[in-house]
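Okay, so here's the structure we're looking at.
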Amino acid sequence: MTKTLLTLFVMVLFISCKKTQVDNIFAFEVDGRAREYILHIPENIKPNAPLVFVLHGLGGTNSLIREYTRMDMVADKNGFVVCYPQGTGSSENTIYTKKGSSFWNVGYETHKNETVDDLSFIKSLAIYLQQEYNLDPEKTFCTGMSNGGDMSYLLGCEAPDI
């Protein structure tokens, strides 16, 4: 009986164990400001692979949008690199955000006093990642949720070349 229970316990232990991806969290400096991003590179990535940015919404984080979208699994299946940049913290309380809440500076009236240049951040980060990891500049894409979606639209209009 004890041997059977021990065997079942060990089987359950190994069945419940799963391989987990270790976060690759990096800092990148733009305009004198250190910015964070999470980078997922699938095993056996090919040269000139695509790069996809996934942007969180207002008040969100890069780790939460990563968990929510599960884009790492899509990247593993389809052979592209995925980057989850982190927005900056609001410098003041607004109708939509509390001081310190993360956001993308897309020109909202509520963030009119913010000076962070998120276009420059993502453009510079894209160029760096394309060069560092031999990714195809013609296959660089951006998607996002809510405020991150607005940032994606802004990038499409203001920086279609990245």
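The values are calculated or read from the model by the stated rules, or taken from the named source; none is laboratory data. Quantities reported herein were computed from a predicted structural model and do not represent experimental measurements. Here the Cβ positions follow ideal geometry from the backbone for every residue, glycine too, while neighbour counts run over all protein chains shown.
Observations on the model:
- Selection status of Gly79, touching a residue at least 12 places away in the same chain (Cβ under 8 Å), more than 21 Å from Tyr153 (Cβ to Cβ), out of contact with any helix residue (DSSP H, G or I) (no Cβ under 7 Å at 6 or more places or on another chain) and small (Gly, Ala, Ser): yes
- Pairs meeting the criteria (first residue in the stretch 103-114 and closer than 16 Å to Met145 by Cβ, second residue part of a loop (DSSP other than H, G, I, E, B) and charged (D, E, K, R), beta carbons under 9 Å, at least 6 apart or on different chains) are Phe103/Glu114; Tyr108/Glu114.
- Qualifying positions in the stretch 106-153 - part of a helix (DSSP H, G or I), aliphatic (A, V, I, L, M) and more than 22 Å from Leu64 (Cα to Cα): Ile127
- Residue count for the stretch 58-97, restricted to those that are out of contact with any Pro (no Cβ under 9 Å at 6 or more places or on another chain) and not in a loop (DSSP other than H, G, I, E, B): 15
- Given (1) out of contact with any His (no Cβ under 8 Å at 6 or more places or on another chain); (2) at pLDDT 95 or above; (3) aromatic (Phe, Trp, Tyr), index of the condition Phe9 fails: (2)
Quick grid of which residues meet (1) of a type in the set (S, T, N, Q); (2) surrounded by fewer than 20 Cβ atoms within 10 Å (Cβ to Cβ):
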| residue | (1), (2) |
| --- | --- |
| Ala27 | no, yes |
| Val30 | no, yes |
| Val54 | no, no |
| Ile65 | no, no |
| Thr69 | yes, yes |
| Ser90 | yes, no |
| Asp118 | no, no |
